[in-house]
Amino acid sequence: MNGAGVMFDLDGTLLDSLADIANAANQVLAQRGFPQHSLTDYRHLVGEGVAVLFERGLPEPHRDSANIAACVSDFRETYRHQWHLTSRPYNGILELLRELAAQGAVLAVLSNKPDEFTQQCVAHFLPQVEFAAVAGMLPTIPRKPDPAGALAIARQLDLPANRWLYVGDTSIDMRTATRAGMFAVGVTWGFRGEPELRDNGAQAIIHHPSELLTLIQKNDERPRGSY
């Protein structure tokens with residue numbers, strides 16, 4: 001693979017985890033007397049971290065910093081007990097990751113999910129896969145679409161940004177990849193749709209995990225550094 005790296009978003013890209021997130025968030029909202037949201041609503045509420053989820057999910061008059069912080073704290077405690085109930089890797093993901101590893105790709109995960117849960121989910125759902133780096137949201141690193149986290153992983157693994165594909169399912173992921181100077185790959189099996197991905201800088205769109213292997217093969221045929 002000519003020393004290529006493949007960096008993945010987690011929720012909506014590697015893992016079908018929306019129901020567990022939505023159920024935990026709805027429990028928090030209900031306990032505090034706020035309206036709950038449908039699973040479809042959560043497709044657009046997630047993606048930028050837990051604080052933004054509640055900033056969007058709380059009724060507008062209650063979107064103050066104190067309410068958001070309380071909901072975030074409650075969510076962490078609730079989700080800690082049910083992050084694994086219905087979540088699972090998308091069909092074809094395990095096969096894709098195994099093949100990428102066999103071909104010598106450098107694999108990484110970068111998520112806006114809290115780092116504690118990112119590490120837990122990767123270890124539990126993808127134990128057979130050796131990732132060179134796994135990072136969730138930490139207070140010391142700006143959340144995506146700021147490219148700092150992606151660039152930090154690239155530096156850590158001594159692989160230039162232009163040798164990475166960043167694979168994700170939302171506008172946040174495409175903007176992260178673009179700002180980091182990585183090749184932006186949008187996936188349509190996740191939480192958002194193809195128009196959003198294209199409008200935010202996707203350089204390729206794939207509809208099944210196996211298509212990533214074909215895309216990488218085509219890129220390997222280009223001059224080095226043209227990712």
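FYI, it's all coordinate maths here, none of it is from the lab. In this text, all values refer to a predicted model and were calculated from it rather than measured experimentally. As a convention, Cβ positions derive from the backbone with ideal geometry for all residues, glycine included, and neighbour counts pool all protein chains shown.
A few notes on this one:
- Gyration tensor verdict on the chain (Cα atoms; rounded if a/c is under 1.5, prolate if a/b is larger than b/c, oblate otherwise): prolate
- Rounded if a/c under 1.5, otherwise prolate or oblate - region 18-79, Cα gyration tensor axes: rounded
- With respect to the chain, whose longest principal axis is taken over its alpha-carbon atoms, helix 115-125 is tilted by about 60°.
- Mean Cβ neighbour count within 10 Å, used as a protection proxy, ranking 99-106, 143-150 highest first: 143-150, 99-106
- Contour excess over end-to-end distance, with Cα ends at Gln217 and His81 and 0.36 nm allotted per residue: 44.9 nm
- Extension gain (nm, one decimal) between Gln120 and Gln103, 0.36 nm per residue minus Cα-Cα: 3.5 nm
- Of all DSSP beta bridges in the chain, antiparallel share, percent nearest 5: 10
- Among 123-131, 71-79, sorting by the average number of other beta carbon atoms lying within 10 angstrom of each residue, highest first, gives 71-79, 123-131.
- Per residue of the chain, the DSSP helices (runs of n ≥ 4 H) give a summed -39500 (n - 2.57) that works out to -13000 deg cm²/dmol at 222 nm.
- Relative to the Cα centre, the charge distribution of region 18-79, modelled as +1 at Lys and Arg Cβ and -1 at Asp and Glu Cβ, gives a dipole magnitude of about 60 debye.
- For region 98-227, with +1 on Lys and Arg beta carbons and -1 on Asp and Glu, the positive-most of Gln203, Val134, Leu213 along the dipole: Gln203
- Its relative contact order, with pairs defined as Cα atoms under 8 Å and 6+ residues apart, puts region 16-163 at 22 percent.
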